[in-house]
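J.: Structure in structure tokens, see below.
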Amino acid sequence: MLAFTKIDRINASKRGVMGRIKDFKEVYEVFDENKAAEQAERCIGCGDPYCHNKCPLHNIIPAWLKQTAEKDMEMAFNISNETSPFPEILGRICPHDVLCEGDCTLNDTHGAITIGSVETFITETGFDNGLIPKFALEKIGKKVAIIGSGPAGLSAATFLLREGVDVEIFERASKAGGLLTYGIPGFKLDKHRIQRRVDFLIEAGAKVTLNCEIGKDKSFDDLNEEFDAVFIGIGATKGKMPGLDGEANSNVHLAMDFLTKVQKKEFNEEVTNYIDVKDKNVVVIGGGDTAMDCVRTSVREGAKDVKCLYRRDEINMPGSKKEVDNSKEEGVEFVFNVSPVSINENGILLEKTELTTSDETGRQKVKIVENSQYLQEADIVILALGFDQELPQFIKDSSLELDKWNGIKVNQDYSTSIKNIYSGGDSVRGADLAVTATLDGREAAKTIIASFK
Ligand code: SF4
């Protein structure tokens, strides 16, 4: 119980910088059993664990930490996989420092428990030792269509299959996984880990139909007729534009466009209008995890110089501190307190900013410093300013009710304005985390299952 006074927090080891920037292989290694047990033993087993409450999935973290400390890895695997459809994926990609680890009781004094790394270890070691996820052996005679195979769709499929519901996943890309596959770079999440989960779903009876665009290759109305329920988890992938002069120039690109094209190249898929940053000065605008993915991808793509511009200071960056540190280690330069004015073929005209005292929300406001404009040279500008909804035509043509942000409007139980149609993830919330989309898929599946009883 007092192990935290003797054992320091240790992060999972990372590959050396010079080696890792040459490829897209994962940067973090997985703990070995002793290291995982030692780190798990630091948990003090709070009566009301904040980590559990802060995890969007409400993972039963102290329970699987206890089993890991006691080296009962089968029990740890079962508990961890009960609430999460893919703990080894979220353990790698969640911004732990602002979620579970950020709320760990030990965070401010002795260093939080390395929850994400232990979570990753539990399932990876379980798979290595032959454990597999459990699904219902008997079907209940109901089938659900899932549109989109990102975290929301894969999560919904997992929890439906666990209850014996047949699922068919419709994905417009040539690989399943959505954002997990095409949006998150391989140095954070190796792609075979997603396919491994998809393969488990297929073994459990799921049908995965790739290269199938609803509204084009199959009609939405047909789905509604053929299936007992439909879950829509199509994400939000349209990059926000800042409304600057010059943002439509050929040297300006959207973050997801850049990341997707690089990933497609890694898959040897056909890529049109590839964004080649080799030997170029790249400037990424934004301070979230997608911006970090872009700067680190640019480094691996051989950019001459990579800068990240953010309009607030480092403390106020919205993304994970871990990813900022990794970017710095890999040679990315950060320029804080600057705001773009316009973009031209030579770069970006910037003006300096300062932060004023907090408003009623507690967040400091950004104030422009007068007469502070200067030109930041750039060959390529990448905009990583968040995402908007980009509703496909089949949604626009349907009678689905939308909210004022153009998201699909759902009730608390994820049902939509059309009977037997459910939705969750970014197509409802707007751009959010993979783990919140995963939560929506899980909870929507529960509602769908309840509707069959
Ligand atoms: Fe933490 Fe994310 Fe895992 Fe929840 S799913 S325990 S927030 S890493």
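The values are calculated or read from the model by the stated rules, or taken from the named source; none is laboratory data. These figures come from a predicted structure and were not determined experimentally. Virtual Cβ from ideal backbone geometry, glycine too; neighbours counted across all protein chains shown. Surface areas here come from the heavy atoms of the whole protein model, side chains and all, with no ligands, DNA or RNA. Shrake-Rupley method; radii C 1.70, N 1.55, O 1.52, S 1.80 Å.
J.: Before anything else, pin down the relative contact order of the chain: Cα pairs under 8 Å, at least 6 apart, normalised by residue count, whole percent.
T.: 16
J.: Also, I was wondering about something else. For the range 294-356 and the range 393-453, compute the distance between their C-alpha centroids and round to whole Å.
T.: Cα centres, the range 294-356 to the range 393-453: 34 Å.
J.: Could you state the per residue volume, in Å³, of the convex hull enclosing the Cα atoms of the range 68-190?
T.: 131
J.: With all protein chains present, calculate the accessible area of ILE315 using a 1.4 Å probe and round the result to the nearest 10 Å².
T.: Taking all protein chains as shown, ILE315 has close to 150 Å².
J.: Additional query: Residue by residue through the range 12-29, which ³J(HN,Hα) values in whole Hz follow from phi under the Karplus form 6.51 cos²θ - 1.76 cosθ + 1.60 (θ = phi - 60°), with glycine and proline marked x?
T.: Per-residue couplings from phi come out as 4, 5, 10, 5, x, 4, 4, x, 6, 6, 8, 8, 10, 6, 4, 7, 8, 8 Hz.
J.: Continuing with this model, one more query. Tell me, what % of the accessible area of the range 47-200 is carbon and sulfur with a 1.4 angstrom probe?
T.: Details: 2730 of 5360 Å².
Carbon plus sulfur share of accessible area: 51 percent.
J.: Looking at the range 268-312 from every direction and averaging, what is the projected area of its Cα convex hull in nm²?
T.: Projected area, direction-averaged: 3.7 nm².
J.: Rounded to two decimals, what is the ratio between the C-alpha radius of gyration of the range 313-453 and 2.2 N^0.38 Å?
T.: Details: Rg = 21.0 Å, N = 141, 2.2 N^0.38 = 14.4 Å.
Rg over 2.2 N^0.38 Å, computed on Cα atoms: 1.46.
J.: What does the charge add up to near PHE135, with Lys and Arg as +1, Asp and Glu as -1, over the other residues with Cβ less than 11 Å from its Cβ?
T.: Residues near PHE135 contribute 0 overall.
J.: For the range 168-302, how big is Rg over Rh, using alpha carbon atoms and the Kirkwood form of Rh?
T.: 1.02
J.: Going highest first, how would you order 381-393, 15-27, 110-122, 294-306 by mean Cβ packing within 10 Å?
T.: 110-122, 294-306, 381-393, 15-27
J.: Within the accessible area of the range 251-355, what % is carbon and sulfur when the probe is 1.4 Å and the other protein chains stay in place?
T.: The value for the range 251-355 is 43 percent carbon and sulfur by accessible area.
J.: So, one more: Taking square-rooted eigenvalues a ≥ b ≥ c of the alpha carbon gyration tensor, is the range 120-178 rounded, prolate or oblate, where a/c under 1.5 means rounded and, failing that, a/b exceeding b/c means prolate? Before the final figure, lay out each step's value.
T.: Working: a/c = 2.83, a/b = 1.24, b/c = 2.28.
It comes out oblate by the Cα gyration axes.
J.: How much accessible surface area, in Å² rounded to 10, belongs to the heavy atoms of ASP397 with a 1.4 Å probe?
T.: Here the accessible area works out near 110 Å².
J.: Once you have the alpha carbon radius of gyration of the range 276-388, what is it after dividing by 2.2 N^0.38 Å, with N set to its residue count?
T.: 1.06
J.: So, for the chain, what is the accessible surface per residue at a probe of 1.4 Å, expressed in square angstrom?
T.: 45
J.: A follow-up question, please. How much length would be gained if the chain were fully extended between ILE202 and ASP276, taking 0.36 nm per residue of separation minus their Cα-Cα distance, in nm to one decimal?
T.: So the extension gain works out to 23.0 nm.
J.: Percent of alpha carbon pairs in the chain separated by more than 41 Å?
T.: Every Cα pair in the chain considered, those over 41 Å come to 19 percent.
J.: Something else about it: Enumerate the whole-percent occupancy of each 5 Å bin, from 0 to the last occupied one, for all C-alpha pair distances of the range 1-85.
T.: Result, from short to long distances: 3, 14, 18, 20, 20, 12, 9, 4, 1, 0 percent.
J.: State whether the range 62-112 is rounded, prolate or oblate according to the following rule on the C-alpha gyration tensor (a ≥ b ≥ c being the square roots of its eigenvalues): a/c under 1.5 gives rounded; otherwise a/b larger than b/c gives prolate, and the remaining case gives oblate.
T.: Here the range 62-112 falls in the oblate category.
J.: A follow-up question, please. What nm value, rounded to one decimal, do you get for the distance between LYS71 and THR5 when each label is placed 7 Å out toward the C-beta?
T.: 2.6
J.: Please report the relative contact order for the range 323-453, taking Cα pairs under 8 Å with a sequence separation of at least 6, and give it as a percent rounded to a whole number.
T.: So the answer I get is 14 percent.
J.: Give the carbon-plus-sulfur fraction of the accessible surface of the range 380-439 in %, rounded to a whole number; probe 1.4 Å, heavy atoms of protein chains only.
T.: Here it works out to 46 percent.
J.: For the range 403-453, what is the convex hull volume of the alpha-carbon atoms per residue, in Å³?
T.: Enclosed volume per residue, from the Cα hull, is 60 Å³.
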